[in-house]
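The values are calculated or read from the model by the stated rules, or taken from the named source; none is laboratory data. What you are looking at is a predicted structure, and each value in this text was computed from that prediction instead of being measured. We place every Cβ from the backbone using ideal geometry, glycine too, and count neighbours over all the protein chains shown.
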Amino acid sequence: MIDKLSLIAVYPEMILLVMACVVALFDLGVKSRTRTATYLLTMLTLAVVAALQASYASSGQTVYAFSGMVVSDVMGNWLKCFATLAVMVSLVYGRPYAADRDMLLGGELFVLSMFSLLGMFVMISGSNFLVIYMGVELLTLSSYALVALRRDHTLSIEAAMKYFVLGALASGFLLYGMSMIYGATGSLDLQEVAKAISTGQIKQQVLVFGLVFVVAGLAFKFGVVPFHMWIPDVYQGAPTAITLMIGGAPKLAAFAVMIRLLVEGMPGLAIDWQQMLMLLAIASLAVGNLAAIAQTNLKRMLAFSTISHMGFVLIGMMSGVVDGQAGGAGNAYSSSMFYVVSYVLTTLASFGVILLLARNGFESEEIADFAGLNQRSPLYAGIMALCLFSLAGIPPMVGFYAKLAVLQALVASGGAMHIGLAIFAVMMSLIGAFYYLRVVKVMYFDAPITASAVVAPFEVRAVLSLNGALLLLLGLLPGGLMLLCANAIKQMLAS
Amino acid sequence: MGLLSLAIWTPIAFGVVLLALGRDDQARAVRWVALIGAVVSLLVTLPLYTQFNVTTAAMQFVENTPWFERFNVNYHLGIDGISVWFILLTAFINLIVVIAGWEVITSRVNQYMGAFLILSGLMIGVFCALDGMLFYVFFEATLIPMYLIIGVWGGPNKIYAAFKFFLYTLLGSLLMLIALIYLYIVSGYSFDLLTWQKLPINSHAQTLLFFAFLAAFAVKVPMWPVHTWLPDVHVEAPTGGSAVLAAIMLKLGAYGFLRFSLPITPDASHEWAGLMVGLSLAAVIYVGLVTMVQTDMKKLVAYSSIAHMGFVTLGFFLFNDLGLAGGIVQMISHGFVSAAMFLGIGVLYDRMHSREIASYGGVINTMPKFAVFAMLFAMANCGLPGTAGFVGEWMVILGAVKVNFWVGTAAASALIFGAAYTLWMVKRVYLGPVANDHVKHLKDINAREFFFLTLLAIAVLYLGLYPKPFTDVMDVSVAELLKHVAQSKLN
């Protein structure tokens, strides 16, 4: 018998699922080239879902539903709310682009976006290995299809193929690791697994063996070195609107899964997974930043920069438990959460500007295409500059506080080696500053190739301006979002 | 809103308005708004001096409200006798730069003026911040407008210069960021500067912190041997950018020594004072010699800036009142003099589009009014008694002799080099017969140029002839700082 509380906890998922099907059917009757009606219905659904999530999150309750299969807690609800907003913003930015490129001949863009969002929801609230795995699959399968949405564009198809093959491999890793841990602990439920590990009676070898595969699978999804090879190709190859879709909101879900699996499911193995994350973080910071220097394609450059930013997120994740004491855990994980949220916000705006400059038959994804943007449109050049300075971690942009939060968690967590790692991280972000500045240079110092003014629909202009302003505003007043993340993580750790 | 907040946010607000104000077809309106903004920004800083209480070393005009509580960061502002003059100096130089760029800048005027106004607000923020994180945010944020100023309105090799400026200074400050985070953790989660200054720290940690701060501030000052970015940047930056860079931005580094290195790590400062004095003397003597062989006027003034800033750091690490006060006076006087020198070169450059000394000769014949100003500033640059340049250098030399006769002697030799390179440049550029047709057709300065050069000349002479208002304000604070630095913080 399903109790009512369980149902309430998954109302947003249910709405999303039902509406995704409704939108798919409704779209059959839509004739317009830009699919305005479908778009509006999708946006309305997402707005309702986001509002519902926000209200759940602010109620501050933790509900385990369906005998512990899923959990609705503050962290999860906020992440779901942000993911929904990110998908909405992606759709606003991406629709004109998609319409120009025959991607709106059917309503798949909207339906698949909603399904991928549903996948994220399941990932975020899953409290059971199989539920999480199902969420991952739902997200990635929708994403493969989204990447291949421009089906007569060779690059996109190539990217979709790569994404699919590597993604399937990663899912295999994840599943294999999960089955190992299931074999060792006898449960798929994260709470039970955590309890079983904490008894100390389980054979460490099997557990760590399984853990390696779980971490490798997560690293694939996160896109950190050495499991990063798909990121640059997919970012570059996918239509920009889709790049935004897979580079934005899913990072929030990947973060949640990492928290669920590692922090909630295997806190007893923290020593082991923290070491793995540290190596992944070091490699990501180095490879991401160094490889980004060599890129001439802006999307590819941002892909490598993503890799380095995920390295920073991992730094927060590996700073929680010191000598078996989890005293700094709240500080560390909430720093990572703040980092992910601010990173997604910045990514949305930067890809938004790329999308805005793309016209029919012109992609505007080479760095050189941004030449003299300041003369063509000071506003958009300004927004892009805010994004780039934020990604480079220069105050007073929000990206700086994200780095500050993660670095202080790292320094707080330990001795000389962690300070050494902090110095390494800031040196890598110095290298990062170089390639971000190069884009600023192209926009501000170079002469424009074309004098044509930048035109954009009103909604895109409004949302993009708001998005850019938020980067600065959250930099001037970062307290609210920081507190939100801190409370969310505190609740998660307490339950 | 407190007076300090007003001083910080007035120029920034005007700057933002200017950025929003639109394009070059409204350049006239933009210039006037910028001028009004600069004047208002200067006026709101004046009460800081008139209402300043010189009898106390405590922080004044304090504002303290939580900024973000998650990391216990406060919007904590306050000034003492050390910082008050820099706020006025910043607002003053900002006004001069706006006037100096009036007709010269014709493309993207609103962004140019906006960048300078925002920059000046941020720099005032650095001088008022009493919270480590707030300081860092202002300190770093200044890079953005300066980077754009150099890159957009700079000379032929501007891109190289802009990148070198940004990355070089970012390198230093990122190390300082780690030091700030470390202090935050060992102080029990506080970013408060005044708390940090009372915090006992062991010798090993002090040494590491000292060098982390040194990385940030030495690059900014810049001290020898991390000075190489400065000449490149000065040569390429627009006149206004050079003036602000030399007059204020370099002082941010020197000011950092006073607020961080000396009071937070006094034992390490004493331990490494020999190194600091050595590096300062290298700047004074070696860079002084390098200055002599420069053929580019801007590069010459840039190198002479490094030599002058060597006096500042030398004074700080002598640990006596003459040296410390002398260093601060030298910072203020160098602020006026270097700005004047760069703006003077700008006046010539606007007419001839050349910075090479060899393209000039006998300018006094065609620009007599301008030559008088140029001479005066040159005299101040080589430290002639009666001008601003003299007071600080003389105090530092006296302070040095007190500590060690030979250090004093070595420092004093710089006066000779200073006179040599400055006077030699004056001779080659201004004196003698008219060198070529270009010089022959030079027009003397107009009313606008006359006006801002006069303002600077008054400042230079006033500080030189009657430095008492400057030193009176800082006396108590300097004594307090020395007392603080003399106490060991080892636990």
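Among the residues here, residue A:40 qualifies as modelled with pLDDT of 90 or more and more than 29 Å from residue A:261 (Cβ to Cβ). Restricting A:484, A:464 to those that are within 13 Å of another protein chain (Cβ to nearest Cβ) and surrounded by 20 or more Cβ atoms within 10 Å (Cβ to Cβ) reduces the list to A:484. Of the residues making up segment B:282-308, those that are surrounded by 22 or more Cβ atoms within 10 Å (Cβ to Cβ) and either aliphatic (A, V, I, L, M) or more than 16 Å from residue B:224 (Cβ to Cβ) (or both) are B:283, B:284, B:287, B:297, B:298, B:300, B:301, B:302, B:306, B:307. Selection over segment A:342-365 of residues that are under 16 Å from the mean Cα position of the chain (by Cα) and not hydroxyl-bearing (Ser, Thr, Tyr) gives a count of 6. With respect to the conditions (1) on the phi > 0 side of the Ramachandran plot; (2) facing another protein chain (nearest Cβ under 7 Å), residue B:189 falls short on a single one, namely (2).
Against the conditions (1) away from chain A (no Cβ under 11 Å); (2) surrounded by 21 or more Cβ atoms within 10 Å (Cβ to Cβ), residue B:174 satisfies every one except (1). Could you tell me whether residue A:130 is out of contact with any Cys (no Cβ under 6 Å at 6 or more places or on another chain) and crowded, with 20+ Cβ neighbours inside 10 Å? The answer is no for residue A:130.
Sub-8 Å Cβ pairs linking a first residue in segment B:333-351 that is in contact (Cβ under 8 Å) with a residue 40 or more places away in the chain and among the small types (Gly, Ala, Ser) to a second residue that is surrounded by fewer than 22 Cβ atoms within 10 Å (Cβ to Cβ) and not in a helix (DSSP H, G or I), at least 6 apart or interchain, are B:346/B:104, ordered by first then second residue. Selection of segment A:174-208 for residues being surrounded by fewer than 21 Cβ atoms within 10 Å (Cβ to Cβ) and closer than 30 Å to residue A:236 by Cβ yields A:175, A:176.
Among the conditions (1) surrounded by fewer than 24 Cβ atoms within 10 Å (Cβ to Cβ); (2) within 10 Å of another protein chain (Cβ to nearest Cβ); (3) not in a helix (DSSP H, G or I), residue A:423 misses just one, which is (3).
With respect to residue A:122, determine if the residue is closer than 20 Å to residue A:261 by Cα and modelled with pLDDT under 90. No, not satisfied. A single member of B:327, B:383, B:362 is modelled with pLDDT of 90 or more and among the small types (Gly, Ala, Ser), and it is B:327. Of the residues examined, residue A:32 is one that is free of Cβ contacts under 8 Å to residues at least 12 places away in the same chain, over 26 Å from residue A:255 (Cα atoms) and of a type in the set (Ser, Thr, Tyr). From the list A:117, A:105, A:169, the one residue that fits, being buried (at least 17 other Cβ atoms within 10 Å of the Cβ) and aliphatic (A, V, I, L, M), is A:117. Among the residues of segment A:426-437, those that are in contact (Cβ under 8 Å) with a residue 24 or more places away in the chain, facing another protein chain (nearest Cβ under 8 Å) and surrounded by 18 or more Cβ atoms within 10 Å (Cβ to Cβ) comprise A:429, A:433, A:437. Cβ-Cβ distances below 8 Å connect the following pairs, each with a first residue in segment B:133-146 that is facing chain A (nearest Cβ under 10 Å) and under 11 Å from residue B:256 (Cβ atoms), a second residue that is outside any helix (DSSP H, G or I) and not basic (Lys, Arg), and a separation of six or more residues or different chains: B:136/A:395. Against the condition more than 17 Å from residue B:329 (Cα to Cα) and outside any helix (DSSP H, G or I), how does residue B:401 come out, does it pass? When the stated conditions are applied, residue B:401 does not pass them. Residues in segment B:1-52 that are touching a residue at least 12 places away in the same chain (Cβ under 8 Å) and of a type in the set (Lys, Arg): B:23, B:31. Taken over segment A:273-325, the criterion of being of a type in the set (D, E, K, R) and within 14 Å of residue A:223 (Cα to Cα) is satisfied by A:300 alone.
In the set (1) at pLDDT below 90; (2) over 30 Å from residue B:108 (Cβ atoms); (3) more than 7 Å from chain B (Cβ to nearest Cβ), the condition left unmet by residue A:412 is number (3).
Kindly indicate the residue of segment A:366-409 that is charged (D, E, K, R) and more than 21 Å from the chain's Cα centre (by Cα) and also nearest to the other protein chains (Cβ to nearest Cβ) among those meeting that condition. Only one residue tops the list, namely A:376. Quick check, is residue B:130 in contact with a His (Cβ under 8 Å, 6 or more places away or on another chain), of a type outside the set (Val, Ile, Thr), within 21 Å of residue A:405 (Cα to Cα) and away from every other protein chain (no Cβ under 14 Å)? Spelling it out, residue B:130 is indeed in contact with a His (Cβ under 8 Å, 6 or more places away or on another chain), of a type outside the set (Val, Ile, Thr), within 21 Å of residue A:405 (Cα to Cα) and away from every other protein chain (no Cβ under 14 Å).
Condition (residue is more than 10 Å from every other protein chain (Cβ to nearest Cβ) and modelled with pLDDT of 90 or more) applied to segment A:446-456: is it met by at least one residue? No, there is no match, as no residue in segment A:446-456 is more than 10 Å from every other protein chain (Cβ to nearest Cβ) and modelled with pLDDT of 90 or more. Residues of segment A:438-460 that are more than 24 Å from residue A:392 (Cα to Cα) and part of a helix (DSSP H, G or I): A:458, A:459, A:460. So which residues in segment A:392-420 are in contact (Cβ under 8 Å) with a residue 12 or more places away in the chain and part of a loop (DSSP other than H, G, I, E, B)? Within segment A:392-420, A:393, A:394, A:395, A:396, A:397, A:413, A:414 qualify.
Here is the figure for segment A:361-376: residues that are crowded, with 19+ Cβ neighbours inside 10 Å and closer than 19 Å to residue A:465 by Cα total 4. Of the residues making up segment B:340-394, those that are in a loop (DSSP other than H, G, I, E, B) and within 13 Å of residue B:431 (Cβ to Cβ) are B:360, B:361, B:362, B:367. The one condition from (1) more than 10 Å from every other protein chain (Cβ to nearest Cβ); (2) more than 22 Å from residue B:134 (Cα to Cα); (3) under 25 Å from the mean Cα position of the chain (by Cα); (4) touching a residue at least 40 places away in the same chain (Cβ under 8 Å) that residue A:440 does not meet is (1).
Residues that are assigned to a helix (DSSP H, G or I), more than 18 Å from residue A:79 (Cβ to Cβ) and at the interface with another protein chain (Cβ under 10 Å from one of its Cβ atoms) within segment A:467-481 comprise A:475, A:476, A:479, listed in sequence order.
Looking only at segment B:66-101, residues that are closer than 19 Å to residue B:10 by Cα and within 14 Å of another protein chain (Cβ to nearest Cβ) come to 1 in all.
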